[in-house]
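*Asks:* This is the structure I want to talk about, given as structure tokens.
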Amino acid sequence: MRFKTGFFLVVIFGVIMFTVTRCNTSPVSPSVVTYSYVNPILNPPDTFRVVYDLNLLGNREALITFQNSAVWHIEVQTQSLAKFGFINPSDNSLVYLDGNDTIGFRSDIEYSFILNNSNTDSLRGLYFVKFTKLPDIDYNTFVRKY
């Protein structure tokens, strides 16, 4: 009986060690610049994140102005019931995003990205949204742009 317990613990330890070492074999990517929603973001880099505070009810607004007209991939990196979107500058409507969107934004326009936490006061912590510029997609021929 003792042999089986010891063997079982050795196998479990081996599986855990194998898993941990496999997780660390991927190359470490350079850190992504992270901005707070509190301050306006002007001419951000090609990849950046915006962090919002979920600790209070209501809307949080990040103001972002892009240097060039381009197509961007927007990825919500936090699982939450909060809603995320932006204000369409042409008609001031709120466009909700599903968390994995590709959208064209014009240069020199201040876009308002809104995080709405009006569902529950039980949501706590930080909410991250990653923006990645897609240089291989032509802004002029891209359909979904604002």
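*Asks:* Please turn the phi angles of region 72-84 into ³J(HN,Hα) values with the Karplus equation 6.51 cos²θ - 1.76 cosθ + 1.60 (θ = phi - 60°), one per residue in order, whole Hz, x for glycine and proline.
*Replies:* Running phi through 6.51 cos²θ - 1.76 cosθ + 1.60 with θ = phi - 60° gives 10, 9, 10, 10, 6, 9, 10, 6, 6, 7, 5, 9, 10 Hz.
*Asks:* Quick one: which residues, 5+ away or cross-chain, put their amide H under 5 Å from the amide H of residue 41? H built at 1.01 Å from N.
*Replies:* 63, 64, 65
*Asks:* Could you give me the percent of Cα pairs per 10 Å distance bin for region 33-133, shortest bin first, beginning at zero and ending with the bin that holds the maximum distance?
*Replies:* Result, from short to long distances: 16, 53, 27, 4 percent.
*Asks:* Please name which of 85, 140, 105 has its Cα lying farthest along the dipole of region 58-146 towards the positive end, using unit charges on Cβ (Lys, Arg +1; Asp, Glu -1) and the Cα centre as origin.
*Replies:* Checking the options against the dipole of region 58-146, the answer is 85.
*Asks:* Would you please give the residues with an amide H less than 5 Å from that of residue 102, counting only those at least 5 places away or on a separate chain, with H modeled from the backbone geometry?
*Replies:* 74
*Asks:* Tally Lys/Arg at +1 and Asp/Glu at -1 over every other residue whose Cβ is under 11 Å from the Cβ of residue 137; what's the total?
*Replies:* Charge balance in the 11 Å sphere: +1.
*Asks:* Using Cα centres only, tell me the gap between region 74-146 and region 36-70 in whole Å.
*Replies:* If you average the Cα positions of each part, the centres end up 10 Å apart.
*Asks:* So what's the net charge close to residue 103: Lys and Arg +1, Asp and Glu -1, counting the other residues with Cβ under 9 Å from its Cβ?
*Replies:* +1
*Asks:* A further question follows. Just to confirm a number: summing +1 for Lys and Arg and -1 for Asp and Glu over residues other than residue 75 whose beta-carbon lies under 10 angstrom from that of residue 75, what do you get?
*Replies:* +1
*Asks:* Name the long-range amide H neighbours of residue 35: under 5 Å, sequence gap of 5 or more, or other chain; modelled H, no Pro or chain starts.
*Replies:* HN-HN under 5 Å from residue 35: 49, 50, 51.
*Asks:* Apply the Karplus parameterisation 6.51 cos²θ - 1.76 cosθ + 1.60, with θ equal to phi minus 60°, to every residue of region 88-98 and state each ³J(HN,Hα) to the nearest whole Hz, in sequence, with x for glycine and proline.
*Replies:* Whole-Hz 3J(HN,Hα) from phi for region 88-98: 6, x, 6, 9, 6, 8, 8, 9, 7, 10, 8.
*Asks:* May I ask you to derive the relative contact order of region 33-133, considering only C-alpha pairs under 8 Å and at least 6 residues apart, and to give it as an integer percent?
*Replies:* Averaging sequence separation for qualifying contacts and normalising by length gives 40 percent for region 33-133.
Since every read-out is calculated from the coordinates, none of them should be taken as a lab result. All values derive from a computational prediction rather than experimental measurement. Please note: Cβ atoms are built from the backbone with ideal geometry, for glycine as well, and neighbour counts cover all protein chains shown.
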